[in-house]
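Enquirer: Below is a structure I'd like to ask you about.
The values are calculated or read from the model by the stated rules, or taken from the named source; none is laboratory data. Because the structure is a prediction, the values reported are computed rather than measured. For neighbour counting, all protein chains shown are included, and Cβ atoms are generated from backbone atoms with ideal geometry for every residue, glycine included. With ligands, DNA and RNA removed, areas are computed over all heavy atoms of the protein, side chains included. Shrake-Rupley method; radii C 1.70, N 1.55, O 1.52, S 1.80 Å.
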Amino acid sequence: MSTTTRRANDRPPTQPRTGRPGTVLFLVCAAIFMLMLDTTVVSAALADIRADLDTSIDGLQWVIDGYAIPLAGLLLTFATVGDRYGRRRLFLAGMAVFTAASLALALSGTILQLDVLRAVQGVGATMLFATALPLLSVAFPDPAARMRAIGVYGAVMAGATVAGPVLGGALVTSFGWRSIFLVNVPIGVVILGVATRRLPESPRALGRRADWLGSVLLTGGLVAGVLALTRGNSLGWTSPTLVALAGAALALLVCFVAWQFRAPHPLLDVGMLRKPGFAGTAIVSVGHMATLMAAANFLALFMIGTFGCTPLEMGLRLLPISGAALIAAPVAAALAKRVPLRVSLPVTMGLVTAGMWWLGRLEPGDTWLHFVPGLVVGGLGLGAITALTQAASLTFASQENAGMASATFGTLRQVGMAVGVAGLGAVFSHVARDRATAGVDALPGASGVPTDLREQFADAIGAGAGHEALHDLPSQLHAAAPALARVADAASIDALNAMVNLGAVVGAVATVGATAAFWLGGRAAAGARPGS
């Protein structure tokens, strides 16, 4: 046997094959930029999707939640799968699934196809998210170089968040809503080609196994719960179907929590529950996503439908929230070592709550400038929370398990997004439809309008159509168009205010709950110290 052959055979199977750290950083950051864009660009497309596919707000909510739920239910499991079977393999599989799903999304003909394919795209995104930081950790073994790489990674994520609404708005305005998915295809193909040749495999960790049962229970509970919230208005909140869905969601989530204490390799590290302040950080992780981040999607829909903005104009008007978050994140990270989490996290959740409250109280005649103070204040809170929860990952886990802690809080954020979009959307739709129905009934001569036309108008307002509900008025209602426009405005404004008020209440509860959790956790820790 030749020396060359002997050396090839002696090489460990998990040894990286090829690839430079810079190439790994480029591939990971390019993939993450795409994934983060797809969490934000869709807000610019919701109005066009609603009009093109003639869907209700239920269908629009699943366009968002279909992407978020796989991230919530499968992120930690895929992280373990990557550790055991190879992160390179999982990265390539994730990019293939994400790219193929993006092409299929661009070709979707119905809202059901779109929602299902968004879930498939979310599965691909979860595979990529699960491998991103571990790949960087292996590619940059030197701690200083690793921190610089993670800094670039964080900057790319923040940049994608800022660019998302604007880039999405520009694409939708110029090329239609399908372009936000189609643009992923050539980029995904290039990344897949380069990664196949240049991305090294990382060493495998064979000790930990995936908690598939935990993933099924968590994902099933979220799907049932979100389905109950999105279908409540149409089915009736006391209907047997809705009660069954709510019961199934509760049962599955209770079983998930119970299983985490018994599973040999639990999805969530239950040992972190004993850390003082973990509950407070968990509350904030869910709370900020369930309020301002979820509400931003319906605010985008409102700006396009009621204020008459183009998708690009809407994206530009949402820049204050992204810009404020971009400024706050590094400042909060710098202060994390000086200000304890028990202070900083409740305060920043309070900023998000204040921003939510400030977005409300909209009145007829107000312009988009009404939203700027709330977007800025809330954006400062969002950016700070993003940085502080990363710092919390190091507080609640050892250095080698910091990735799991970070993924745990990432899972909780996606849970907040999924539940927040469903709950806030249900309130928006219910109030908008009721106000539109009452407004039409109060118009002179309303009794002469066919019932199906009145219901069609109310359904469109409930879906966030705003003035677009007037575009297809039959000829017998043209004379009533000005009055119907006022009804549409009033109903949409009332719905937005009701949604924002609910979000502010949820934010206030989260702020108080996080404060109490940190305080109680601190007292328990003090009581456990010897001699205390």
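Enquirer: When the residues of the stretch 274-330 are filtered to those that are among the small types (Gly, Ala, Ser) and without any contact (Cβ under 8 Å) to a residue 60 or more places away in the chain, which remaining residue is farthest from Trp177 (Cα to Cα)?
Expert: Ala328
Enquirer: Taking the stretch 227-249, which residues are over 26 Å from Arg209 (Cα atoms), surrounded by 13 or more Cβ atoms within 10 Å (Cβ to Cβ) and not polar (S, T, N, Q)?
Expert: Across the stretch 227-249, the qualifying residues are Leu227, Ala228, Leu229, Arg231, Gly232, Leu235, Trp237, Leu242, Val243, Leu245, Ala246, Ala248.
Enquirer: Since Val123 meets every condition but one in (1) out of contact with any Gly (no Cβ under 6 Å at 6 or more places or on another chain); (2) open to solvent by less than 20 Å² (accessible area, probe 1.4 Å); (3) over 16 Å from Val41 (Cβ atoms), which condition does it not meet?
Expert: If we test Val123 against (1) out of contact with any Gly (no Cβ under 6 Å at 6 or more places or on another chain); (2) open to solvent by less than 20 Å² (accessible area, probe 1.4 Å); (3) over 16 Å from Val41 (Cβ atoms), just (2) comes out false.
Enquirer: Now a separate question. How many residues are farther than 25 Å from Arg118 by Cβ and buried (at least 19 other Cβ atoms within 10 Å of the Cβ) if we restrict to the stretch 145-178? Quick ask: steps written out before the conclusion?
Expert: As a first pass, look at the stretch 145-178 and keep what is farther than 25 Å from Arg118 by Cβ: 145-152, 154-155.
Checking which are buried (at least 19 other Cβ atoms within 10 Å of the Cβ) leaves us with 149.
Result for the stretch 145-178: 1.
Enquirer: Right, another one. So which residues in the stretch 363-378 are crowded, with 18+ Cβ neighbours inside 10 Å, without any contact (Cβ under 8 Å) to a residue 60 or more places away in the chain and not aliphatic (A, V, I, L, M)?
Expert: Gly374
Enquirer: Shifting gears a bit: Just name the residue that is modelled with the lowest pLDDT out of those in the stretch 208-222 that are open to solvent by 60 Å² or more (accessible area, probe 1.4 Å) and part of a helix (DSSP H, G or I).
Expert: Restricting to residues being open to solvent by 60 Å² or more (accessible area, probe 1.4 Å) and part of a helix (DSSP H, G or I), the top hit is Trp212.
Enquirer: Taking the stretch 275-296 as the region of interest, how many residues are open to solvent by less than 10 Å² (accessible area, probe 1.4 Å) and in a helix (DSSP H, G or I)?
Expert: Count: 10.
Enquirer: Is it the case that the stretch 120-140 has a residue that's modelled with pLDDT of 95 or more, under 25 Å from Pro186 (Cβ atoms) and aromatic (Phe, Trp, Tyr)?
Expert: Checked against the condition, which is being modelled with pLDDT of 95 or more, under 25 Å from Pro186 (Cβ atoms) and aromatic (Phe, Trp, Tyr), the stretch 120-140 yields no hits at all.
Enquirer: Then there is this: Which pairs have Cβ atoms under 7 Å, sit 6 or more apart or on different chains, and link a residue in the stretch 79-93 that is outside any helix (DSSP H, G or I) to one that is open to solvent by 40 Å² or more (accessible area, probe 1.4 Å)?
Expert: What qualifies is Gly86/Arg204.
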